[in-house]
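J.: Attaching a single structure in C-alpha cells format; questions to follow.
The values are calculated or read from the model by the stated rules, or taken from the named source; none is laboratory data. For clarity, every value in this text was computed on a predicted model and none was experimentally measured. When we count neighbours, we look across all protein chains shown, and the Cβ atoms used for this are built from the backbone with ideal geometry, even at glycine. Just the protein is used for accessible areas: all its heavy atoms, side chains included, with ligands, DNA and RNA removed. Shrake-Rupley method; radii C 1.70, N 1.55, O 1.52, S 1.80 Å.
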Amino acid sequence: MSPQILATKLYVPPLQPKAVLRPRLMEQLQAGLHRKLTLVSAPAGFGKTTLIGQWLSTCQRQIAWLSLDEDDSDPTRFLTYLVAALQTAIPGVGTEVLSALQAPRPPTPESALTTLLNEIATMPGALVLVLDDYHRIDAKAIDSALSFLLEHLPPRMQLVITTREDPQFPLARLRGRGHLTELRAVDLRFTPSEAAEFLKQGMGLSLSADDVAVLETRTEGWIAGLQLAAISMQGQTDTTRFIESFTGSHHFVLDYLVEEVLQRQPAHIQAFLLQTSILDRLCGALCDAILGEGAPSGQETLEYLKRANLFMMPLDDERRWYRYHHLFADLLRQRLHQSRVTMPEQAELHIRASIWYENNGLELEAFHHAAAGNDFERAERLIEGNGMPLQFRGAGVPVRNWLASLPKTTLDERPSLWVTYASTLLFGGQHTGVEPRLQAAEAALKTAPPDAKTADLIGRIASMRATMAIIQHDVDTIITQSRRALEYLPADNLPIRAATTYTLGYAYQTRGDRSAASQAYADVIASANSLGESIYTIAATIGLAQIQETENQLRLATKTYHRVLQLAGDPPDPIACEAFLGLARIAYQWNDLATAEQHGQSCLHLTQQMESVDTFTSHGLFLARLKLAYGDIAGAATVLADAEAFAVQHQFMHQLPAIAELQVQVLLRQDNLVAATSLAEAHALPVGRARVFLAQGRPSVALEMLEPQRQQVEAKGWLDEKLRLTILLALAHHASGEPDTALQVLSDALTLAKSGNYIRVFADEGLPMAQVLADASAHGLMPDYTARLLAALNGQERPRADKSLVSPAQPLIDGLSQRELEVLQLIADGLSNHEIGERLFLAVSTIKGHNRNIFDKLHVQRRTEAVARAHELGIL
C-alpha cells in the first residue's frame, strides 16, 4: 500500500460493547440491499456511523469502508483512497488504476471508475462500499464521478453513504426508480425505549421512567445530547432537578455540557484534551511527540479517555488510533483558543505534529500542521516535495485552499507562495486566476535580492505564462515567455525546464518550423531519462509523431503514436486522444477505413473527457473526410458545420481555414459553385480557389494560383503540403491539355507519396485523378503503385445507392459507437433529449450531436425511423 495511504481511514469502526441495538433500523438497511444506494443523512450526533457499523457486523457481504475528510475533495486523492478501500475487501482489485492515479497526469474519474467497475463486475461475491462523512467532500467532480458510479453499479454491489447533508446526486431519479434507501434524522432519533436502554446500560444511570421520558423529549432523541447529558449527570445527587433544567438549543446545551464534563477532569487530562484537539487522529506516539517530555504517556491517557467514555472513538482493531467525536473536538479547539495556551505555543504544537507526520511518511498531514503552525518555510518545502509537488499528488485542493486563506501581506513577503498559488490554479483548471497571481508575484519580487532563487521564480512565472499562451494559441507569447523562462531557470530545475522546452517546441510546430520543433521535442523526451516520464514526455512524443506525419513518414509516425499509447497507460490518459487521431489519419491515408473509424472513435471518447480542447475540431475534420470517402456528403457538411461552431464558440480561430478548405470541397461535390467560390474568397484560400477554378473549367487560372503555393511550401520544407499541391498541379496540367507535363508532375507526387504508402490523398480526387493515373499506367510509371491507386479509385467509383433506397438487409457502413447505441436504446425507450442527457450526464447539445450521427449512419431523418431501422438491422 502507498505510504501516503492512512490505513485508519479504511477501518470499519469497532462495535461499542454497550451500544444500543436498533433492530428496526437494521431491518430497513437489510431490506435495502437490493437497491443501488443507501443514504443515511442527518445532523451531527445522530449515530449514523455507529448504526452502519452495527449493521455491517451482521451483513454477509464483503465490506469496503472509507472515512472521508476535507482533503479527499481532490479527485485523484479520493479515487486513490477509494481503490485502497476496495482492496481491503477484494485484494488486488484496481491495481492498474492505482498505478495510473500515481502518474504525473492521472486519468479522469470516469475513466478510472470504468476500469474499476469492469474489474468488480467479473468478481464473485456481493460487495458493500461505505463512504462515511461524505459531507466533508466539496468537489463537483467527485459528485459527478459517484453519479457515474451509481449509474453503472454492478448488480451485486451497493453504495452506502453517511452524511450531514444530501450529496449532489440525482436523488429524485434514484428515488423514483426504486434505487434508493433513505434513513434521516427522524428515523435515527432514539425512541423512548432506546433512550432508556442507552442511559441504563450504556451510561450506567438508573433513572425513573418519567425522567427518561423528559430527557428524551428535551433532546428530541438526539443521541449525542443524551450522551452528553448522561456524562454530566454522573455524580449528580438530584438528577431529576438537573433534567428539568436541561433546556436550550443543541449548541447551547452542548457548550454547557462540555463545560461540565471538562471541569470534572483532572488538570492534566484537561491539558491533554486541549492540546491534542489540534489532531484529527490520535495515537500514543503522536501525542507524546507534540506534548513533549514530562507529559503523561499518550497511549495510557488515550486508553483512560476511552474507558471514561469521553467521546473517544477507536479507529482500528488494535486500539492504536483514535479520534474525538467531531463536535467534542470542535469545542475543545474553541476552548484551546480561549485558554492560556498562547498562539506561539499552539503553533509549536502544530509544528511538532508536522515533524512527526513527515517522519512517518504522511506528507499531506505534515503540510496541514506546518500551515496551521504558520511555518511557511516548512509548508512550502513540503508542498514542493521530492521533485513532485503535493498538488500533483492529489493534494491540489488543500494546498490551494491554504494559499487562498493567507493574507496578501504574507504572500507578498514570500513571492514563491504567489508562484505556487498560480501553479495550483493553472493545473487545477482555474485559468482566469493565474495571471493576477503571477503579477502579484512579480510585484513582490521587485524588492527581492537578485539571487538564484529570484531568478528561478522569474523563470517559473515565464514558464506558466507560456503554458497559458498555449491555451490561448498565442504563438508569439509562447516563444517569448519560453525563451525568458529558459534564460532564468537554473540548470538543475529540470522539471520546469522540460515543461518550458515543450511549450517552445509547440510554438515552433504551430509556426511551421518543424525542424526546431522536432529538436525541442527530442530534448524533452531525452530528459525523461533523468526525470522519469511525465505529461510533457507524452505531449512531446505526440508532437514528434505529428511532425513525422507531416514529413510523410507515416510508418515512423505510426510507431511513435503507439509509443504515446504505451506512455498514456491503460486506461489511457485523455491526452492520448491526439495519438488515436493521428493513427486514424494514417489508417485513412492507407485506405483502411474501418481501422481509421475505430481510432477516430477512441479519440472522440477521450476528447469528451476534457473541456474546450481543439481536438474536437481536428476530429471533425477527420470525420468529414471519412464521410466523404463513404459518399455521405450531407453528413460531411453537418460534421463540418458542428466543427466550425465549436471552433468559433471556444475561440479556436486557427482551425477555421482548414475547416473552410474542406467545406469548399464539400460544396464542390454538391455542385454548389457559387457558395464554394464565396467561401474560398472569404477565407482567402489559394488552394480552395484553385479547386473552384478547376471545377469551373479554368485550369490555367488554377495553375497560376497553385505554383506559387508549391514554391512557398518547398522553401519551408513542408512535404505534406508539397504532396497535396503537386497532386493538384498534375490535375490542373491534365485539364489544360498538357498530358506530358501532367505525367511529369504526377511522377513527382508519386515519388513523394510512395514511401508513406499514401492512397486516399490520390483517391479523394475522384475521376480526374483516375484519368491521370490511367495515363501513368499506360506509360509504365511506377506500375505497382499506380495499379494500387487505380484499384482504390475504381472501388470508390462503383455506383452508390440512394439513401432512401438502402435495403434493410444492407449492413451499416458506419457502425454505431457504444455511446450511440446507448442513446439509441434510450430513444427507443421514449426518453426526450433532456431526459437522455440526465441519464448519461451529458449536455443536451451533445445528445443532439449523437442523434445526428445516429440518423446519418442509419440513413434516416427522424427518431421513429431510427428506431424502426435499428429493429430491422437487429441492433435493438
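J.: Which of the aspartates and glutamates could be linked to K716 by a straight reach, that is with a Cα gap under 14 Å, when you skip same-chain ones fewer than 8 residues away?
T.: Counting by Cα, and skipping residues close in sequence, K716 has these aspartates and glutamates nearby: D513, E551.
J.: Suppose the chain between S530 and A172 were pulled fully straight at 0.36 nm per residue; how much longer would it get relative to their current alpha carbon spacing?
T.: Going from the current span to full extension adds 123.6 nm.
J.: How much accessible area per residue does the chain have, in Å², with a 1.4 Å probe?
T.: For the chain, the per-residue accessible area is 44 Å².
J.: Give me the percent of the accessible area of the stretch 1-99 that comes from carbon and sulfur atoms, probe 1.4 Å, all protein chains in place.
T.: That fraction is 57 percent.
J.: Which lysines have a Cα lying under 18 Å from the Cα of K857, excluding residues fewer than 8 positions away in the same chain?
T.: K627, K803, K848
J.: While we're looking at this one, here's another question. Counting DSSP beta bridges with both partners in the chain, what percentage is antiparallel, nearest 5?
T.: Around 20 percent antiparallel, to the nearest 5.
J.: A further question follows. I'd like the FRET efficiency for R333 and A455, computed as 1/(1 + (r/R0)^6) with the beta carbon distance as r and R0 of 60 Å, rounded to 0.05.
T.: According to the calculation, E is roughly 0.90.
J.: Would you grab the residues whose amide H sits under 5 Å from the one on W321? Only those 5+ places off in sequence or on another chain, please, with H modelled 1.01 Å from N.
T.: Counting only residues 5 or more places away or on other chains, the set is L315, D316.
J.: Do me a favour and compute the ellipsoid semi-axes for the stretch 377-515 from its Cα gyration tensor, root of five times each eigenvalue, largest one first, whole Å.
T.: Rounded to whole Å, the semi-axes are 25, 16, 15.
J.: Using the basic label-point model (7 angstrom from Cα toward the beta carbon), what is the H431 to R862 distance in nanometres?
T.: 4.3
J.: What does the charge dipole of the chain about its Cα centre add up to, to the nearest 20 debye, if the Cβ of each Lys and Arg holds +1 and the Cβ of each Asp and Glu holds -1?
T.: With only Lys, Arg, Asp and Glu charged at Cβ, the dipole is about 820 debye.
J.: Modelling each spin label as a point 7 Å along the Cα-to-Cβ direction, I'd like the T122/Q649 distance in nm, to one decimal.
T.: Each label point lies 7 Å from its Cα, and together they span 3.7 nm.
J.: Provide the gained length on full extension for the span K446 to S99, in nm with one decimal, where the gain is 0.36 nm per separating residue minus the Cα-Cα distance.
T.: This chain segment gains 120.7 nm when fully extended.
J.: Once R0 is set to 51 Å, what does the formula 1/(1 + (r/R0)^6) return for the Cβ-Cβ distance between D829 and Q696, expressed as a FRET efficiency to the nearest 0.05?
T.: 0.50
J.: Can you work out the FRET efficiency for the pair A594 and H34, with r the C-beta to C-beta distance and R0 = 51 Å, to the nearest 0.05?
T.: Efficiency, rounded to the nearest 0.05: 0.75.
J.: Let me have the relative contact order for the stretch 354-480, percent, based on Cα pairs under 8 Å that are six or more residues apart.
T.: 14
J.: Along the charge dipole of the stretch 563-657, pointing to its positive end and built from +1/-1 on Cβ of Lys, Arg, Asp and Glu, which listed residue (I633, S618, F580) has its Cα farthest out?
T.: Final value for the positive-end residue is I633.
J.: Which lysines, if any, have their Cα less than 20 Å from the Cα of K200, not counting same-chain residues under 8 positions apart?
T.: K18, K306
J.: For Rg and Dmax of the Cα atoms in Å, one of (1) 30.8, 110; (2) 33.9, 118; (3) 37.4, 139 was computed from the structure I shared and the rest are decoys. Which label?
T.: Read-out from the structure maps to (2).
J.: Any chance you could give the angle, 0 to 90 degrees and rounded to 10, that helix 686-695 forms with the longest Cα principal axis of the chain?
T.: Once rounded, the angle reads 50 degrees.
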